[in-house]
Structure formats: C-alpha cells, structure tokens
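Undergrad: Here it is, the structure in full.
Derivation of every value follows stated rules applied to the coordinates shown; laboratory data play no part. Values in this document were obtained by computation on a predicted structure and should not be read as measured data. No Cβ is skipped: glycine too gets one built from the backbone with ideal geometry, and neighbour counts run over all protein chains shown.
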Amino acid sequence: MSTSTDTIEQLANAEYKYGFTTDVEADTFEPGLNEDVVRRLSAIKHEPEWLLEFRLKAFRAWQKMTEPTWHNLKIEKTDYQALSYYSAPKKKPALKSMDEVDPEVRKTFEKLGIPLIEQQFLAGVAVDAVFDSVSVATTFREKLGQLGIIFCSFSEAVKDHPELVKQYLGSVVPYTDNFYATLNSAVFSDGSFVYIPKGVRCPMELSTYFRINAKNTGQFERTLIVADEGAYVSYLEGCTAPMRDENQLHAAVVELVALDGATIKYSTIQNWYPGDKNGKGGIYNFVTKRGIAHANAKITWTQVETGSAITWKYPSCILQGDNSIGEFYSVATVNNYQQADTGTKMIHLGKNTRSTIVSKGISAGRGQNTYRGAVKIAKNAKGARNYSQCDSLLIGDRCGAHTFPYLEIKNTSAKVEHEASTSKIGEDQIFYCRQRGISSEDAVNMIVSGFCKDVFRELPMEFAVEAQKLLSISLEGSVG
Amino acid sequence: MLLEIKDLKVKAEDKQILKGLNLSVNPGEVHAIMGPNGSGKSTLARALSGHPGYEVNGGSVTFDGRDLLAMSPEERACEGVFMAFQYPVEIPGVNNAYFLKAALNAVRKHKGLQELDAVEFMQLIKSKAKLLEMDQAMLSRSVNEGFSGGEKKRNEIFQMAVLEPRLAILDETDSGLDIDALKIVANGVNALRAKDRAMIVVTHYQRLLDYIVPDFVHVLSGGQIIRSGGKELALELEAKGYR
C-alpha cells in the first residue's frame, strides 16, 4: 500500500501564505551584541536608569549562561554576534491616528487581514501591532482608558507608567530565568503592556499582532499583563513572519500577574514561517511564558502552534494563592521538518489549587512533536488537583510524537491524573470518508478538527475559526 | 443495466485474487455473492469501491454506462456507489451527524443540488432514524467510536439510508452479529430495497439470506464466479457446502 502512504505525504506541501516582505526604511543596528549595544538600545528608547540596570544585569548574567540542551530538538547553532538587536521603521512615531502609520506597513497588515481600522471596534478587538520591534499603533486606547485600562506598547508603558512596570517586570520571569529569557531581558525591544484595574472586566478582547520583517533581526518582545484584584481580561496574540532562507530568532517573554480573584485568558495563534519543505529557513521560536495566580485567581493559556521551524515554549502557571486555577490548552502541529518541544508547568503552591492540561500534538511529514510538561505539588499545597491529557496524532509514517510528563508530588492529599494517547490518521479512516464522498483533504481536516475540539472551544470565536483555517493550511499536502 | 463487470482481475499485495470475474446487475435487483473464505468476496467489494490497496489488472467495470474504474473513490460514492464496511472504522472526535452531513452535502454538490443546512439536515436524519429504529443518541456520538458490533453495522445501514445510493454493496454485514442484531440490520436493508436501487450482498453464511432474500445467488471460488442461480441455490450450498 505504498501508494496510500505517498498520498499522505502529498498534503505536506503547502506554500506559506504570509511570505511577503515589506519595503520600509528601517533603523537597524549593526550585528553584534555587547554591553555597548545594550546601552545604545536603552538610550535610543530614552529609558530610565533602573531599566538600563535591569538590562545590564541580565546581559552580564547571560554571558555566563549556555543554551539549554535538555530539549528534544535538533538545532543549528545560533551565532548571537551575527544578529542585529534593533530594527525600527524609520519614519517614527508619536502617531496620533491610524492615518499616520506608514502606508507600506499598513498594507502589510492589510495583507495579513488585521483590521487596523476603527471598524474593528464592532468586532470587539483592540489591536496593538508590533512590527519588528516598535509598536506601530494601538487602537481603542481611549475607549479603554475611560475604564482605567492601560493597553499600550511596552516602551510607552515605561514612559507613562514606570511605577507599574518597575513593580512587575521580572517578577514572574526573573532576568536570570533561562538563557533565552535572560537574553530577552537584556535586549528586548518592545512589546505590549496591559493593566486592568481592580474589579474591571475588560469589555473587549485585547489583541497583539506580531510580525518579523527585517532580515537578521531577532525579535525580542516583552509582554506584561497585570490584572488587579477581581479584574478580567482576555488577550489574543497572533504571529507571522515573511519567508527567509536563513533562520530567524525569536525569543519573547510574557509575564502574567493575576492578583486575588482576577482572571487572565491568554490565547496565541503562532504561525511564524516554518521553513520550506526541505527544512530550509524558518523561525526559531524560544519563548518563556509564565503567569502567577494569587488567591482565587485563574490563568488560562490557550495556544495553537502551527508555524516556526523550531518551537520551544512552556506557558506555565505558578498557583501561589489558595484556590487558584491554572489551565493550559494546546494544539501543536509540525509538518515537513518542523520541530516542536512544548508543554507547560503547573506549580501548585497554594491550598486547593487546581490545574488542567490538555495537549494535542499533530505530526505530519518528517515533523517531530514533543510534549513536555511538569506538574509540581508543593508540600503545603493541600487538596491540590491536576488533570492532564496528552494526545498525539500522526499523519504518515516518517513523523514522530514524544511525551515527557514529569510529576513531582510532595503532598499526599493531592489528586493527579494523567491520560495519554497516540493515534494515527489511518488510510482506512481516510478511505472510509472517501467512500462516503468526502475528499482526502476534507477528511484529514475533519479528523484533525475533531482531534483538536477540546482546545478550539477554549478560543474566542473569531480566533477559533482562524485557528481551524490555519491548521488546514499547515497540513495541506500531508494527504492527497 | 446498472453495473456490468467483465473479466475483472484484481491483485492485492502482489497476489492475484480475482481472476476474470463477470457479473451483471440491473436496477432493483439484489445479488448475493457467496463463497468460501479467501475466495475473493471482499476483494470484489473493495475493488468496486476503489480501495487504494487493490490493483485492477484486467477487465472492465461499467456503472450506468460509465467507466467505474476510472473514478476516484469519492467520485464513485458521489455517483451512487455505497459500501457498507465489514469493519467500519472509528473516527474519534468527529460527530456522527456532522460526518454524515459532510458526506451528504458532498454527494448533493456533485449532483448539482443545493447543500442542506443544519435544520433541513436534522429533519432528514430524524425521519431516517425513525425508519431504521435508530437511537438518536447515536447521532451525537463520534463516528463508530465505542459502538458495539451491532451498532456499527446499523450505523452503516443508516448512512446508506441517508445517502440513498443507486448501488449498495454490503460486505459481510452479518459478521459478528447476534441473531437479534442481524434481524434489525436486515429489516433496515429491506426497507431500503427499491426498484431503482441495486444491492450486492457479500456473505459467507446463508443465514443472512433468510432475512434479506436475494433475487440471484452467485458462488465465488478461486477468483471467479463458478455458479449462479436463484435464492434456492443458497439453501443448496448450506446443505452441501461449497464443493
């Protein structure tokens, strides 16, 4: 039945839809990284002394660190001195309205289908778009401002709300955390900042769209979201990058702080350029995402990872307060030569803390997909509960799925459940669908959507639709 | 004539299974194909539905005047060829009703008909479920997942009722069924007999034919049809065996 395996391989040859570059004049640093670069970066952004100090401490720590090797990834060595650490569109800022944004940049966003016009209000989405390193425009800030909600670029937050940034920056992901987070702490360029005041329910989904445009620039954004007591916010993050032959580095840090009784939902659709079908090019995506949940707070991470040549990310929750809740819902797809090592850490410190992990890994082509998750229940975390479910779906016979669940339980009253399954989209399933009139491609999409259902239903409606579309694009050609 | 098979030769895994099979089927007729294990009964069913594991290396199959072998499996399905599987596969996470809606709309689209919306579709399947005495709860479960053997076979017949094929091929539909389940499935099949619909019933045992009474019985042995007759041939085979 070799013919049928070939058919499965064929769907694996989709072209990257978002692979266009934009010609904008950019201010870009010469490649290389040293203390001077960090100082220049800080100076160009007119940063206060304390922030420069933070960066320098991180940079010095980073110099003594080495890249982690515990992951299940084959990675070409990155030359950190060959990268440029800053790139910004030249005609810069102090933009008052959308009309002032560089038309080329706007065109890019239009191609991406991001609604940067005010009409998006109707859709209930406020967008903070990050184009390379500088946040280009933030919409609806005024509307949100009336509720006391702060939603702006990270740089602006440093200027306008230094006390909040100073208090929380590095409070969840310390600058010494890991090689990539530490690098980010030294050279982060921009990102988003959100603050929801006490008791306020953010009335719209907040959304950031990241896009890497310039060549040889690593993108290091930094996101910080603080939900004060009893506040609620749902945040969406979408990512794309143009096609380049060389690998581009992306090392972001996201910190979430959910104070007592607050809820933060953080949803990601990651569609960075995955490289071509021979594994050339593509984004190296090393991301540190972590949230801290105080008493009765809840943090939900939902991610749909279809892009990047390499994905290394473990959105995690520190369940510090009693009765706090952490959730992680993930769909990770690898096709062609993509590799993903992703999962979560749920750290139960408080009493009666609860966590749920639902991970769906889909492997096609020669892709390698690893779920890596840790559940830690501390000595004092009485009555803690965890439920984990890790399912893998294989398409074709040259891909791989791996699962590494770690459990560390120090309180005997804890209840921890783990379920795992591995299945294969069989030729018999596809034939069954075809015999009923459904094409191979539709059959694969249907089976994959069914497999991911538990995760998709956690996504906000319009995102769920996009996720489903992306998934079918990224698996196009894996069955024919 | 609806289906005309001439000198059909089929290979599976490099083994020649069918060695020149001839069969003609008119609309409204029910043909039973019987024969010992390994004689090629299921190979015939799968070759007709276009299973990629079976290679046709001789002969021709004409369906309603068109070359069936030139069509992809989904095209055959859309043209009205339905196979009730011997071992229906499970498709976890895919809702039974959703699956059937996708199938029905694919067929309708092929015929140039408008696709049914959710409301119209639900009305249709409710009436079909009633016809086959199907438990509606089955519709909201995943395709065949966790179904008993009997439920799976009933689900096949239910799909057939919704898709309304012109040619239905039942591949060992009786295997693994107890007598009660067999009766229910047979009743469903009988309810779907129609003058514009032909059926090919592949079976190893005569007992199914007590409930689905065929117009013709054929004995398949060594990759060819060696005997054909009326329904009484089945009884003779039951008494004397295939030799």
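Undergrad: What order do you get for B:LEU113, B:LEU237 when you list them from fewest to most C-beta neighbours inside 10 Å?
TA: Arranged by neighbour count, lowest to highest, B:LEU113, B:LEU237 become B:LEU113, B:LEU237.
Undergrad: By the gyration tensor of its Cα atoms, with a ≥ b ≥ c the square roots of the eigenvalues, what is the shape of region B:63-213: rounded for a/c under 1.5, prolate for a/b over b/c, or oblate?
TA: oblate
Undergrad: Here's a follow-up. Could you work out, residue by residue across B:86-96, how many beta carbons of other chains sit within 10 Å of that residue's beta carbon, and then give the average as an integer?
TA: Rounded to a whole number, the mean comes out at 6.
Undergrad: Determine the shape class of region B:129-178: with a ≥ b ≥ c the square roots of the Cα gyration tensor eigenvalues, call it rounded for a/c under 1.5, and otherwise prolate if a/b is greater than b/c, oblate otherwise.
TA: Cα axes put region B:129-178 in the oblate bin.
Undergrad: Something else about it: Show which lysines lie in cross-link reach of B:LYS109 when reach means a straight Cα distance below 29 angstrom and same-chain residues fewer than eight apart are skipped.
TA: Reachable lysines: A:LYS17, A:LYS453, A:LYS469, B:LYS101, B:LYS126, B:LYS128, B:LYS130, B:LYS152, B:LYS153, B:LYS195.
Undergrad: For a quick check: sort A:TRP62, A:TRP70 by the number of other beta carbons within 10 angstrom, fewest at the front.
TA: Going from sparsest to densest Cβ surroundings: A:TRP70, A:TRP62.
Undergrad: Still on this structure: Could you list A:ASP190, B:ASP180, B:ASP14, B:ASP174 so that the one with the fewest beta carbons within 10 Å of its beta carbon is first and the one with the most is last?
TA: Numbers: A:ASP190 27, B:ASP180 9, B:ASP14 6, B:ASP174 22.
Ordered by Cβ neighbours within 10 Å, fewest first: B:ASP14, B:ASP180, B:ASP174, A:ASP190.
Undergrad: What value in Å³ per residue do you get for the convex hull of the alpha-carbon atoms in the protein assembly as shown? Before the final figure, lay out the partial values.
TA: Numbers: hull volume 126.3 nm³, N = 723.
Taking the convex hull of the Cα positions in the protein assembly as shown, it is 175 Å³ per residue.
Undergrad: Highest mean first, how do B:154-166, B:41-53 rank when packing is the count of other Cβ atoms within 10 Å averaged over residues?
TA: B:41-53, B:154-166
Undergrad: In µm²/s, what is D for region A:358-400 at 20 °C and 1.002 mPa s, where D = kT/(6 pi eta Rh) by Stokes-Einstein and Rh is the Kirkwood radius from Cα pairs?
TA: Numbers: Rh = 12.5 Å.
Value of D from the Cα-based Kirkwood radius: 171 µm²/s.
Undergrad: Taking a cut-off of 17 Å between Cα atoms, list the lysines near B:LYS15, but don't count ones fewer than 8 places away on the same chain.
TA: Answer for B:LYS15, where 17 Å is the Cα cut-off: B:LYS41, listed by chain and number.
Undergrad: Give the shape of region A:366-480 as rounded, prolate or oblate, defined through the alpha-carbon gyration tensor: a ≥ b ≥ c are the square roots of its eigenvalues, a/c under 1.5 means rounded, and otherwise the shape is prolate if a/b is larger than b/c and oblate if not.
TA: Values: a/c = 2.80, a/b = 2.09, b/c = 1.34.
Because a/c hits 1.5 or more and a/b exceeds b/c, region A:366-480 counts as prolate.
Undergrad: Quick check on region A:358-434: what does the Kirkwood estimate of hydrodynamic radius come out to from the alpha carbon pairs, in Å?
TA: Its Kirkwood hydrodynamic radius stands at 14.3 Å.
Undergrad: According to a simple spin-label model (label point 7 Å from Cα along Cα-to-Cβ), what is the distance in nm between B:SER140 and B:ASN37?
TA: So the label points at B:ASN37 and B:SER140 sit 4.2 nm apart.
Undergrad: What number does region A:427-477 give for Rg over Rh if you use C-alpha atoms and the Kirkwood radius?
TA: 1.03
Undergrad: Give the aspartates and glutamates whose C-alpha is closer than 15 Å to that of A:LYS351, dropping any in the same chain fewer than 8 places away, or say none.
TA: Within reach: A:ASP260, A:ASP322.
Undergrad: While we're here: Please give the average number of partner chain Cβ atoms lying within 10 Å of the Cβ of each residue in B:46-52, rounded to a whole number.
TA: Average neighbour count from other chains, rounded to a whole number: 4.
Undergrad: Using alpha carbons only, how many degrees (0 to 90, rounded to 10) separate the axis of helix B:179-191 from the longest principal axis of chain B?
TA: 80
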